[in-house]
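Beneath this line is the structure, given in structure tokens, with notes to follow.
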Amino acid sequence: MVKLFVHGILRGGGYPAKLYNYERFMRGFSTIKKKEGCITTGELLVLTKEELDQFDIVEGVVHDYYHRFMIRCVTDEDGVVHDAWVYQQVVDK
């Protein structure tokens, strides 16, 4: 199983979570960028590798619309830190 932190239209059915030191904003679509002191609310999804591959298709990873990288997020309910993937628009790398 793999973990994915989502913060935009991909939300729904995950565990409420926070991503620290990233700011969420809209540039046509939801994206994030590193910014000290900011908190991005979202959800932590637990997926199969195949499901994550499908998210890559939806997010246009192969076309360089978004890229996926590892972050650490914290689930609201228990305060546990999780290593998880997150998507970011390529222009914000």
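The values are calculated or read from the model by the stated rules, or taken from the named source; none is laboratory data. Model, not experiment: these values are computed from the prediction. With ideal geometry, Cβ positions are generated from the backbone for all residues, glycine too; neighbour counts draw on all protein chains shown. The area values use the complete protein model at the heavy-atom level, side chains included, leaving out ligands, DNA and RNA. Shrake-Rupley method; radii C 1.70, N 1.55, O 1.52, S 1.80 Å.
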Determine the share of the chain's accessible area contributed by carbon and sulfur atoms, expressed in whole percent, with a 1.4 angstrom probe.
55 percent
Count of lysine pairs in the stretch 1-77 with Cα atoms under 16 Å apart, counting only pairs 8 or more residues apart in sequence or on different chains?
5
Taking the simple approach of a point 7 Å from Cα along Cα-to-Cβ for both residue 76 and residue 58, what is their distance in nm?
2.0 nm
So what are the ³J(HN,Hα) numbers for the stretch 37-43, from phi and the Karplus equation (6.51, -1.76, 1.60; θ = phi - 60°), rounded to whole Hz, Gly and Pro as x?
x, 8, 10, 9, 8, x, 9
Quote to one decimal, in nm, the extra length available between residue 35 and residue 21 on full extension: 0.36 nm per residue of separation minus the C-alpha distance between them.
4.5 nm
How large is the accessible surface per residue of the stretch 15-93, computed with a 1.4 Å probe and reported in Å² as a whole number?
62 Å²
Once amide hydrogens are built 1.01 Å from N within the peptide plane, the residues lying 5 or more places from residue 17 or on another chain with amide H under 5 Å from its amide H are 42, 43, 44, 76
